[in-house]
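As structure tokens, the structure follows; a few thoughts come after it.
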Amino acid sequence: MKITRISFAAVLIFCTSLVSLRAQEKSKKVLNDLTTLIEASNSYENYKVVEKRGINAFETTLKNYIENEQNTQALLREEVKKNESTIVGLQNQIEEYKNSNDALLNEKASIGFLGFSIDKKNYSFVMWTLFLGTLLVALILFFRFKAANKITSNSKSLLIDLEKEYESYRRVCIEREQGLRRQLFEEEKKNKEFMNVS
């Protein structure tokens with residue numbers, strides 16, 4: 001906005017200096033023509049007598065000068081209007097660029113996460129919190145698994161010992177039962193022999 005005002009001022013100063021230079025050149029010509037007309041005129045008592053031809057020529061020169069000045073002023077007005085419209089367009093463009101720059105800076109400063117726009121600092125904080133929380137949970141689960149695995153391996157070794165003890169107890173019981181059956185069978189045999197004898 002500052003640049004456009006400066007450029008507008010520079011264009012305006014350039015145009016006015018150009019116009020003033022042209023106006024000075026034309027006004028010098030008009031002054032020269034007027035001086036020539038006055039010097040070429042005759043004197044009659046306190047009056048100057050000027051030829052009609054000279055006055056008509058000066059009038060034509062003056063009219064041409066005035067028309068040229070008016071045309072120059074009209075052209076300058078049109079140029080100023082064009083410059084003003086250009087300045088307004090440039091100001092609008094600068095405003096659009098500012099808005100798009102602000103939007104880009106906001107977009108650069110934020111991250112889209114799960115459909116929400118989150119500031120990068122907050123996003124970083126949330127991600128590190130999630131990462132460290134997940135790491136903490138993983139460590140807790142790892143140590144619990146390790147403890148549970150130790151308990152399970154102890155339980156397995158106890159179970160194996162119990163199975164061995166049970167197997168040996170069962171063998172002993174089977175052997176005892178077989179011994180008792182043999183005794184029972186022998187007793188029954190003896191009883192039958194007694195019964196047969198008697």
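The values are calculated or read from the model by the stated rules, or taken from the named source; none is laboratory data. This is a predicted model, so every value here is computed, not measured. Please note: Cβ atoms are built from the backbone with ideal geometry, for glycine as well, and neighbour counts cover all protein chains shown. Just so you know, the surface numbers come from the protein's heavy atoms only, side chains and all, with ligands and any DNA or RNA stripped out. Shrake-Rupley method; radii C 1.70, N 1.55, O 1.52, S 1.80 Å.
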Return yes or no: is Thr4 surrounded by 14 or more Cβ atoms within 10 Å (Cβ to Cβ), modelled with pLDDT of 75 or more and out of contact with any strand residue (DSSP E or B) (no Cβ under 6 Å at 6 or more places or on another chain)?
no
Within the range 61-89, restricting to residues that are under 21 Å from Asn32 (Cβ atoms) and acidic (Asp, Glu), the one that is surrounded by the fewest Cβ atoms within 10 Å (Cβ to Cβ) is Glu67
Restricting to the range 144-183, name every residue that is under 60 Å from the mean Cα position of the chain (by Cα) and of a type in the set (Gly, Ala, Ser).
Ala147, Ala148, Ser153, Ser155
Quick one: which residue in Asn106, Asn122, Asn92 is at pLDDT 90 or above, polar (S, T, N, Q) and open to solvent by 70 Å² or more (accessible area, probe 1.4 Å)?
Asn92
